[in-house]
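One structure is given below, encoded as structure tokens.
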Amino acid sequence: DLSSLTSVGSSWLSNAFRDCTKLTSVNLSSLTSVGSSGLSNAFRDCTNLTSVDFSLLTSVGSSGLSNAFYGCSGLTSVDLSSLTSVGDYGLQYAFRGCTKLTSVDFSSLKTITGNYSLRFLFYGCTAITDVYFRALTTTSFGNVNELQDIMAQTGTTVTHTIHFPSNLQSTISGLTGYPLFGGTSGYVVCAFDLPATS
């Protein structure tokens, strides 16, 4: 039972549940922070995992969730609504190969100043249709490579729309890989259709 866990230190749960194919859900609803490599590869190849509750998670350190859900082909739901900051490589490859994941809402994410923080985040997520970044501002980014290849290998089955605040077009267009961010032309759309941020 991980429901009362509030923080994960450096490498604490790295590879902890890897290949646990009978695991169907994970309750991490009290978790607020993940340290360096804290959950790296933690749930990798848990093919029957369908949902994860990270509803109070606010910060992810260097490589904190790197490859965390790699190969979780049954994952359909992840609550990251409270996440505000991500460090170096923090979410790199986090959802690689999650072919049933359709939407993720980063409604509170404001700071992604690390190196390659979200690189390859949705690599191979062929069903992903919508990703929302509601809280980003013009000062949210520390490097131009933050979103590099975020949509790599997402395929041509559905249109993948990344939603940004309406005032961020010039900021986002200056990032490496814009507008496709590693995805296929005609299937990745950067929409500036969310309320403006300050």
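The values are calculated or read from the model by the stated rules, or taken from the named source; none is laboratory data. Source: prediction; values computed, not measured. Quick reminder, even Gly has a Cβ in these numbers, built from the backbone with ideal geometry, and neighbours come from all protein chains shown. Side chains included, ligands, DNA and RNA excluded: accessible areas come from the protein's heavy atoms. Shrake-Rupley method; radii C 1.70, N 1.55, O 1.52, S 1.80 Å.
Tabulated results
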| quantity | calculated |
| --- | --- |
| Charge-dipole axis of region 1-148 as Lys and Arg at +1 and Asp and Glu at -1 on Cβ define it, positive-most pick from L80, V144, G90 | V144 |
| Placed amide H near T161: partners under 5 Å, 5+ positions off or other chain | D130, V131, V189 |
| Cα gyration tensor, region 26-93 - rounded (a/c under 1.5), prolate or oblate | oblate |
| Computed P(r) (all Cα pairs; region 46-134; 10 Å bins; percent) | 20, 55, 25, 0 |
| K100 - accessible surface, heavy atoms, 1.4 Å probe, Å² rounded to 10 | 120 Å² |
| Dipole of region 1-141 [Lys/Arg +1, Asp/Glu -1 at C-beta], most positive-end residue of F120, G35, S11 | F120 |
| Unit charges on C-beta of K, R, D, E only; dipole of region 51-198, Debye | 100 debye |
| 222 nm mean residue ellipticity, helices alone, for the chain (DSSP H n ≥ 4; -39,500 (n - 2.57); rounded to 500) | -500 deg cm²/dmol |
| Nearest-10 value in Å² for the accessible area of S185, using the 1.4 Å probe | 90 Å² |
| Electrostatic dipole magnitude of region 1-124 [Cβ: Lys, Arg +1; Asp, Glu -1; Cα centre; debye, to 20] | 220 debye |
| For region 56-198, alpha-carbon Rg over 2.2 N^0.38 Å | 0.92 |
| Share of carbon and sulfur in the accessible heavy-atom surface of region 1-74 [1.4 Å probe, %] | 46 percent |
